[in-house]
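Accompanying notes for the structure given below.
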Amino acid sequence: MNSIFRWQGLVGFGVFIATLAVLVALFLDTGLRLALVWALEDVQGAEVNVERVEHQWQPFGVSVYSLAMTDPANPDTNQLEAQRISATLNPWSLLMQKLEVDQLTIDGLALSTPRQSTGAVYRPVEQQDTVSTFALPEGAPKDIDSLLAALPLQTPQAADALKQAYQQQQTQVKAAYENLPDKSRIDDYKQKIDALKQADTKSPEAILAAKQQLDDIKKALKKDQQAINDFKQTVAQAREAISPKLAALKAAPGKDYAQAKALAGGDAGAITDLTRHLFGDKAAQTVSYLLAATDTLAPMLNSSEQQQEAASRAEGRWITFDDASKIPDVWIKDASVSVILLDQTLSTVWQDITYQHDLIGKPTRFSATASTSPRWQGIDLKGDFAFSETGLNGQQQWDIKGLLLPAAELLNSPRLTTALKDGLLNASGKLSISGNQLDGNGRFNLPRLSMRADTDNQKLRVIADALQQLTSLNVGLNLSGDYRTPDVAFSSDLGRQLASAMVSSLSPEVEQKLNQWQSGLLNDANAQSGATESGLGQWQQWLSNGDQMQQQVDKLLETQLDGALDKQKDKLKDKLKNLLGKDDP
């Protein structure tokens with residue numbers, strides 16, 4: 001009886017399956033590593049290095065070791081680097097072309113780390129315009145006369161502005177003053193009113209005629225009274241127009257002198273450039289950690305979304321299961337990330353990392369909270385972001401207390417070298433994102449600061465000494481622009497301090513020329529301000545005359561013809577008594 005099995009064939013099939021299992025076991029991790037590198041390079045647009053990848057079946061997941069992703073804007077630097085990444089995946093989602101990660105753990109994450117070799121860039125990024133040259137500040141210019149001659153001055157402009165304003169107001173004030181009643185007119189009013197009061201009005205008709213004359217006089221007086229009020233108002237408005245211009249002229253010589261002295265001390269633009277080069281790189285590195293969510297992760301998610309859309313369009317229309325359409329293409333539900341910061345580990349927590357937030361109805365949330373450590377007193381960072389039809393939207397706040405700054409080189413120039421010896425940093429700020437646009441600000445406060453500065457250049461010795469005398473510094477932070485190419489601006493009073501130090505080192509010859517030049521400015525300013533103040537004094541005398549006129553006019557307006565009316569009333573009463581034959585009760 002023959003067997004229904006062909007044992008030779010069955011043995012061959014078993015050998016094939018065993019060989020396939022061995023091949024999978026041997027080469028699956030290598031295939032996963034190659035696929036991961038290809039996918040990340042496609043997203044990053046630059047070289048990605050992975051040492052090895054290991055898989056596990058229960059629970060299904062992968063572990064990635066020694067990941068380094070080149071920064072396409074700076075190929076000598078890794079945008080991020082991680083010692084180990086472990087992810088627990090949903091295998092059924094992979095069958096539906098979805099990446100659903102239940103738990104992600106990243107150990108030893110570091111940002112902006114130097115690469116061992118320059119990384120390849122496959123998709124260059126647009127670089128923002130930066131200062132391509134950097135010149136250290138020089139000392140006082142050789143030709144101080146040329147500097148003063150080319151200086152845009154405020155004093156002549158302020159003098160011209162005051163002169164024009166005074167001439168215009170003087171015309172109006174003088175016209176209003178000439179419209180005032182003179183002494184002879186007021187004396188004429190007084191004589192007429194006195195005559196009316198002394199007149200012997202024996203009939204009612206005479207009384208009415210006198211009253212009419214008095215009313216006519218008062219009518220003229222009220223016109224003069226209005227002219228006096230108009231004059232006083234004109235003077236008040238003229239003073240209001242001239243006072244700020246007079247004050248500006250008096251202040252202008254001092255401002256011009258300060259500007260000239262600052263320029264004589266050195267190039268103000270170069271001093272500003274120096275302050276940016278001293279602390280700009282270190283401050284930018286700190287900001288890169290603060291904005292890791294929006295500056296590093298969000299652009300990567302956005303790039304994944306764009307490539308996914310492009311792939312979908314290339315593949316054409318295809319049918320998906322209902323359940324699959326409700327799951328984001330990339331969805332990391334929970335993540336724990338350990339960040340290396342100043343040789344210390346900072347733990348961060350993330351939820352719902354994706355670029356399809358509309359499918360889950362929740363934003364990506366992140367937080368980092370750390371208590372006292374050898375390197376800081378406390379760190380509190382939290383925020384969220386979500387992609388929508390309008391772009392990226394979100395918010396973030398941070399508060400860092402007592403961060404110990406390590407010694408670091410700041411500037412290495414053949415003429416000047418500077419280094420941070422020791423520092424203590426407090427930082428706080430907030431950021432909002434609306435439609436891809438950043439709007440944020442913050443403060444970096446260094447209450448403790450120690451620096452080293454060396455130079456062989458005598459002109460730069462002043463700056464080196466000033467830097468070594470710094471014990472504290474406040475730096476302002478402003479964030480704006482698109483989150484993919486953020487504009488990061490810093491401001492501080494360090495430039496003013498360095499400029500002041502260079503000014504203090506001016507030679508006696510330059511100081512003498514500056515003082516003589518300032519005397520000329522003061523003489524020009526005093527000539528115009530003196531003429532204007534003389535005119536204002538005349539206005540004040542006119543105002544005094546106007547006040548006297550107003551007192552006289554007001555007194556004349558109070559005049560009444562009560563005496564003449566009382567006499568006529570008494571006469572009428574006497575006549576009535578005689579006619580009635582009665583005495584007064």
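List, largest first, the extents of the alpha carbons of segment 25-79 along their principal axes, each in whole Å.
39, 16, 15
For segment 46-130, with the dipole built from +1 on Lys and Arg beta-carbon atoms and -1 on Asp and Glu ones, taken about the Cα centre, which of 116, 64, 77 lies farthest toward the positive end?
Farthest towards the positive pole: 64.
Step through the residues of segment 401-413 one at a time and calculate ³J(HN,Hα) from phi using the Karplus curve (6.51 cos²θ - 1.76 cosθ + 1.60, θ = phi - 60°), rounding each to whole Hz and writing x for Gly and Pro.
10, x, 7, 7, 8, x, 4, 7, 6, 9, 9, 10, 10
In nm, to one decimal, how far is the modelled label at residue 174 from the one at residue 372, with both set 7 Å along Cα→Cβ?
With each label placed 7 Å out from Cα toward Cβ, I get 7.9 nm.
I need the calculated FRET efficiency for the pair residue 247 and residue 73, taking r as the beta carbon distance and R₀ as 41 Å, to the nearest 0.05.
Efficiency, from the Cβ-Cβ distance: 0.25.
In nm, what is the difference between 0.36 nm times the number of residues separating residue 380 and residue 342 and their Cα-Cα distance?
12.1 nm
If you plug each phi of segment 211-219 into the Karplus form 6.51 cos²θ - 1.76 cosθ + 1.60 with θ = phi - 60°, what whole-Hz ³J(HN,Hα) values come out, in order, with x for Gly and Pro?
Once θ is set to phi - 60°, the couplings for segment 211-219 become 5, 5, 5, 5, 4, 5, 5, 5, 4 Hz.
How far, in nm, would the chain grow between residue 413 and residue 110 when pulled straight, counting 0.36 nm per residue and subtracting the alpha carbon separation?
That pair, residue 413 and residue 110, stretches by 106.2 nm at full extension.
Could you report the accessible area of residue 422 in Å², rounded to 10, computed with a 1.4 Å probe on the protein chains as they sit in the structure?
60
Quick check: pseudo-label points 7 Å beyond the Cα along Cα→Cβ at residue 443 and residue 51, how many nm apart are they?
4.4
Where in segment 519-554 does the amide nitrogen come within less than 16 Å of the point 7 Å from the Cα of residue 163, taken along Cα to Cβ?
Backbone N within reach: 521-535.
What is the gain in length, in nm to one decimal, between residue 551 and residue 422 on full extension, counting 0.36 nm per residue of separation less the C-alpha to C-alpha distance?
Gain on stretching residue 551 to residue 422: 38.9 nm.
For the full complex of protein chains and a 1.4 angstrom probe, list 291, 32 by accessible area with the highest value first.
Descending order: 32, 291.
The values are calculated or read from the model by the stated rules, or taken from the named source; none is laboratory data. Predicted model only: the values in this text are computed from it and were never measured. Cβ coordinates were reconstructed from backbone atoms using ideal geometry, including for glycine residues, and neighbour counts include every protein chain displayed. Please note that ligands, DNA and RNA were not included when accessible areas were found on the heavy atoms of the full protein model with its side chains. Shrake-Rupley method; radii C 1.70, N 1.55, O 1.52, S 1.80 Å.
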